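Visitor: Here's a structure for you.
The values are calculated or read from the model by the stated rules, or taken from the named source; none is laboratory data. Computed from a predicted model, the values in this text were never measured in an experiment. Note that we place each Cβ from the backbone using ideal geometry, even for glycine, and neighbour counts take in every protein chain shown. Heads up: the accessible areas ignore ligands, DNA and RNA and are worked out on the full protein's heavy atoms, side chains in. Shrake-Rupley method; radii C 1.70, N 1.55, O 1.52, S 1.80 Å.
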Amino acid sequence: DLSLLRFISAELTRGYFLEHNEAKYTERRERVYTFMRIPKELEKLMFFGIFLCLDAFLYVFTLLPLRVLLAMFRFITLPCYGLRDRRLLQPAQVCDILQGVILVICYFMMHYVDYSMMYHLIRGQSVIKLYIIYNMLEVADRLFSSFGQDILDALYWTATEPKERKRAHKGVIPHFFLAVLYVFLHAILIMVQATTLNVAFNSHNKSLLTIMMSNNFVEIKGSVFKKFEKNNLFQMSNSDIKERFTTYVLLLIICLRNMEQFSWNPDHLLVLFPDVCMVVAAEIAVDIVKHAFITKFNDITADVYSEYRASLAFDLVSSRQKNAYTDYSDSVSRRMGFIPLPLAVLLMRVVTSSIKVQGVLGYVCVVLFYCGLISLKVLNSVVLLGKSCQYVKEAKMEEKLFNPVFTATPGKPAGKQQSMFKSSQGISTDENGSTSVTNQPVHQKENTPSLLLTSNSDQFLTTPDGEEKDISQDSSELKHRSSKKDLLEIDRFTICGNRID
């Protein structure tokens, strides 16, 4: 019996039986809880990652000069020791000298770049043109970071490669000039970024600064609606850590330049402070919203950020072992695409041009400041190492630090000896029981020239999840096969963070 009165009565009195679909609504509630946990877990990862970048950045100013002096001292006093070793210098000392020479050369080359002229040139452009330039600079910075570490790695390996190996390179000098050119161009690129941001800070209507900050929100549109696996999200997280740390350094450079123009008047710092806070708040808000919705749309739990943090901590702990393959600053560069050399060159150029040292008291202050930087570096390293050991222990990854590694056979492609990963156990082993190359050996032979060939992170551009398969077949089949890789294999090759298969 249909009637309008019965229909209205049913609309007013009908009930909901949510308990009949308990699983569905419980899942929805857990999604809400996960969404609310993302900011806390993400900021824990960001906080840890930023201090890792700071550690690698301070290394350039504190320990690297001392290591270069020690290497030069060994080279000068070499006749006293005799030629008992095949090498004049150890590979690490050669790399230290190369880094130091690159820094010095690029620093003097930066003196030929006029910051003031660049500032007025950029200031004369229209707002829309500057917005386009800033977007292009962000893309170029990621491309430079992706290829720059390859250039530096090629230089280090060419300079330290055992002489008995067959010559298959162009020589150390071409690689060296290519590395100098890269660091110089990347430093100029970062300088243009800082100058553009400085123009936005000093504009009267702040419209340019608002437009540049809105560019971060455009990043949300390009990310949240794409399919993300756990490894892809790790790549994006590393990229966001590097981007946020670089932003902090750029803001420091802007404050130094502005304070110099106003004769270090502390009142002007109060004028800059609201804009600095606005830029930092926009970065944090964009990262939180982006990661919250990516994890929501891809059903990724908030606990995944603890795994990411443990993976970064594993790099630090493994680099402290006696037979570590590489320095930790190189591991940070590979993970996050953060290359400290160009940024260090620019900061040295800005600081030396902004602060004038005069008299004995001025040089005493410089020495005290340098001692303070060393103390900060040591303190930061000690705290990071302690926290990293804690994170590795909580993730139950200690066994990966002590498993032996079988190196690739010389003369055979490294792709023939890749390992098959067993993520369910948290240990990456191949069919013969050997561990991944990211694990550190307890005993290592003195002559292991093929270690660089066994790096799994240098063999793959993406790391999609898929069924575990043996990847020891021909390279022509690699593009048609997916492999389930460990988080420890993610590196700089997918630094843009949006690479999805």
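Visitor: For segment 43-129, what class follows from the C-alpha gyration tensor (a ≥ b ≥ c being the square roots of its eigenvalues): rounded when a/c is under 1.5, otherwise prolate if a/b is larger than b/c, else oblate?
Guide: Details: a/c = 4.24, a/b = 1.80, b/c = 2.36.
Verdict is oblate for segment 43-129.
Visitor: Summing Lys, Arg as +1 and Asp, Glu as -1, what charge do residues with Cβ under 14 Å from the Cβ of Ile355 carry, Ile355 excluded? Please list the in-between numbers first.
Guide: Details: positive: Arg257, Arg349, Lys356; negative: Glu260.
With Lys, Arg at +1 and Asp, Glu at -1, the net is +2.
Visitor: Between Ile173 and Val32, what's the calculated FRET efficiency when r is the beta-carbon distance and R0 is 51 Å? Round to 0.05. Present the calculation step by step, with values, prior to reporting the outcome.
Guide: Numbers: r = 60 Å, r/R0 = 1.18.
With a Förster radius of 51 Å, E is 0.25.
Visitor: Report the gain in length on full extension from Lys226 to Leu361: 0.36 nm times residue separation, minus Cα-Cα distance, nm rounded to one decimal. Can you show the working numbers first?
Guide: On the way: separation 135, 0.36 × 135 = 48.60 nm, distance 5.76 nm.
Here the segment from Lys226 to Leu361 would lengthen by 42.8 nm.
Visitor: Hey, how much of the P(r) for segment 37-402 falls beyond 35 Å, as a percent of Cα pairs?
Guide: On the way: 20125 of 66795 pairs.
Above the 35 Å cut-off, segment 37-402 has 30 percent of its Cα pairs.
Visitor: Moving on to the next point. Would you be so kind as to identify which of Cys106, Val279, Val383 lies farthest towards the positive end of the dipole of segment 37-402, taking Lys and Arg as +1 and Asp and Glu as -1 on Cβ and the Cα centre as origin?
Guide: Cys106
Visitor: Which ³J(HN,Hα) values in Hz, rounded to whole numbers, follow from the phi angles of segment 31-43 under the Karplus curve 6.51 cos²θ - 1.76 cosθ + 1.60, where θ = phi - 60° and Gly and Pro get x?
Guide: Residue by residue, segment 31-43 yields 5, 5, 5, 4, 4, 6, 7, 4, x, 5, 5, 5, 5 Hz.
Visitor: Something else: Using r as the Cβ-Cβ distance of Thr301 and Leu5, and R0 as 35 Å, what FRET efficiency do you calculate, to the nearest 0.05?
Guide: Working: r = 50 Å, r/R0 = 1.43.
Rounded to the nearest 0.05, the efficiency is 0.10.
Visitor: Still on this structure, I have one more. In square angstrom, rounded to the nearest 10, how much accessible surface does Ile300 have for a 1.4 Å probe?
Guide: 20
Visitor: To continue, here is another question. Roughly how big is segment 1-101's charge dipole about its Cα centre, with Cβ charges of +1 (Lys, Arg) and -1 (Asp, Glu), in debye to the nearest 20? Spell out each step's value before the answer.
Guide: Numbers: 14 positive and 11 negative charges, 104 e Å.
Dipole size: approximately 500 debye.
Visitor: A further question follows. Once you order the gyration tensor axes a ≥ b ≥ c over the Cα atoms, which shape class does segment 245-351 get: rounded for a/c under 1.5, otherwise prolate or oblate by comparing a/b with b/c?
Guide: Since a/c reaches 1.5 but b/c is at least a/b, the shape of segment 245-351 is classed as oblate.
Visitor: Shifting gears a bit: Can you give the net charge of the other residues whose Cβ lies under 12 Å from the Cβ of Glu43, counting K and R as +1 and D and E as -1? Before the final figure, lay out the partial values.
Guide: Numbers: positive: Arg37, Lys40, Lys44, Arg244, Arg309; negative: Glu41, Asp240, Glu283, Asp287.
Combined, the nearby Lys, Arg, Asp and Glu give +1.
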